[in-house]
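Beneath this line is the structure, given in structure tokens, with notes to follow.
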Amino acid sequence: MQVDLRILRYDPERDKKPHWETYRVESAPMDRVLDVLNAVKWEKDGTLTYRRSCAHGVCGSDAMLINGRNRLACKIRVDQLGKKISVAPLPGFAVIKDLVVDMEDFFAKYRSVHPYQIDERPMPVTERLQSPEDRARYDDTTKCILCAACTSSCPSFWAKDTYVGPAAIVQAHRFIFDTRDEGSDERLEILADADGVWRCRTIFNCTEACPRGIDITRAILEVSSAIVERSV
Ligand code: SF4
Ligand code: F3S
Ligand code: FES
């Protein structure tokens, strides 16, 4: 089948502003949008620029706006979209070139919540044990691949880009509710500030956008509740 792939293109060295270009490519129904982008790049225009690495929904590098929704290009198939497909960079982020956006601020916010285990106790002889129930407490948020589809779809982030955003809160949640971690108080303090969890208006776009099916809004509410409980 033939697919018309409409791509919002932008080359800062050549273009004053982004513009749409359409490419007709041969495609099979089971092809993913990433396969169609590759066909354009390899057969029609080698200057087309986008990020991708694993091609299997693991690395999180190819999130983009596809037919109006943030998705991973390597996970969404042509037969799920039809013969006309539009692709644009993630909303709310500065575009570097074509589908590549500037992720510096996104990763700075990720780092700001200390997304690693904090544990000052002496190193044990064996591993630190945890019950299956305690592990299950934060299982959902371990699935995050830092694709930014959530933060990029959040109207609160569009309105105020200093908001730390759902992805960083998901990453904080993963450690806040880990019984082996000792850094929960400092993370909750960071997320209690003006650009933290209180900027969430429970709009749910983030949860709908997540390619890993993480219940992001619930995770944010759990972090908000933990802040309230600790302050009481
Ligand atoms: Fe991507 Fe989901 Fe992680 Fe957000 S929570 S960065 S949408 S995997
Ligand atoms: Fe934004 Fe998700 Fe909250 S879309 S407002 S972070 S529920
Ligand atoms: Fe790795 Fe799509 S290329 S998630």
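Mean separation of Cα pairs under 8 Å and 6 or more residues apart, divided by the residue count, gives the chain a relative contact order of 18 percent.
About the Cα centre of the chain, how large is the charge dipole given +1 on each Lys and Arg Cβ and -1 on each Asp and Glu Cβ? Please answer in debye to the nearest 20.
Using Cβ point charges on Lys, Arg, Asp and Glu, the chain gives about 880 debye.
May I ask for the angle, rounded to the nearest 10°, between helix 216-231 and the longest principal axis of the chain, with both axes built from Cα atoms and the value confined to 0 to 90°? Value to nearest ten degrees: 30. Think of it this way: in the chain, Cys74, Cys144, Cys147, Cys154, Cys200, Cys210 stand alone, with no other Cys Cβ under 4.7 Å. Whole-percent P(r), segment 58-137, all Cα pairs, 10 Å bins from 0: 13, 29, 23, 19, 13, 3.
So what's the gap between the Cα centers of segment 11-46 and segment 59-114, to the nearest angstrom? Cα centres, segment 11-46 to segment 59-114: 15 Å.
Both radii are taken from the alpha-carbon atoms of the chain; with Rh as the Kirkwood radius, Rg/Rh is 1.04. Relative contact order of segment 182-232: 37 percent, from C-alpha pairs under 8 Å at least 6 residues apart in sequence. Using only DSSP helix segments of four residues or longer, with each worth -39500 (n - 2.57), what per-residue ellipticity at 222 nm results for the chain after dividing by its residue count and rounding to 500? Computed mean residue ellipticity for the chain: -8500 deg cm²/dmol. Gain on full extension, evaluated as 0.36 nm per residue between Lys84 and Arg201 minus their Cα-Cα distance, stands at 38.8 nm.
Taken about its Cα centre, segment 3-139 carries a charge dipole of about 400 debye when Lys and Arg each add +1 at the Cβ and Asp and Glu each add -1 at the Cβ.
Per residue, the convex hull spanned by the alpha carbons of segment 1-127 comes to 151 Å³. List the lysines whose Cα sits under 20 Å from the Cα of Lys143, skipping any in the same chain fewer than 8 residues away. List returned: Lys75, Lys109. Considering only alpha-carbon pairs that sit under 8 angstrom and 6 or more positions apart, the relative contact order computed for segment 97-232 is 30 percent.
Size descriptors for segment 81-212 (Cα atoms only): Rg and Dmax, in that order, 17.0, 59 Å.
When the Gaussian network model of the chain links Cα atoms closer than 10 Å, the mean-square fluctuations of Asp195, Asp119, Asp62 top out at Asp119. Computed from the Cβ-Cβ distance with R0 of 41 Å, the FRET efficiency linking Arg69 to Val125 stands at 0.25. Full extension of the chain segment joining Ile118 with Thr22 gains 29.6 nm, where the gain is 0.36 nm per residue of separation less the Cα-Cα distance. The C-alpha atoms of the chain define a longest principal axis, and helix 33-43 lies at about 40 degrees to it.
At full extension, Thr47 and Asp4 could sit 13.6 nm farther apart than now, given 0.36 nm per residue minus the alpha carbon distance. GNM remark for the chain: springs join alpha carbons under 10 Å apart, and the peak mean-square fluctuation among Glu26, Glu189, Glu222 falls on Glu26.
Values in this text are rule-based calculations from the coordinates and carry no lab data. Treat the numbers as computed from the prediction; the structure is a model and nothing was measured. Methodologically, a virtual Cβ is constructed for each residue, glycine included, from the backbone with ideal geometry; neighbour enumeration extends over all protein chains shown.
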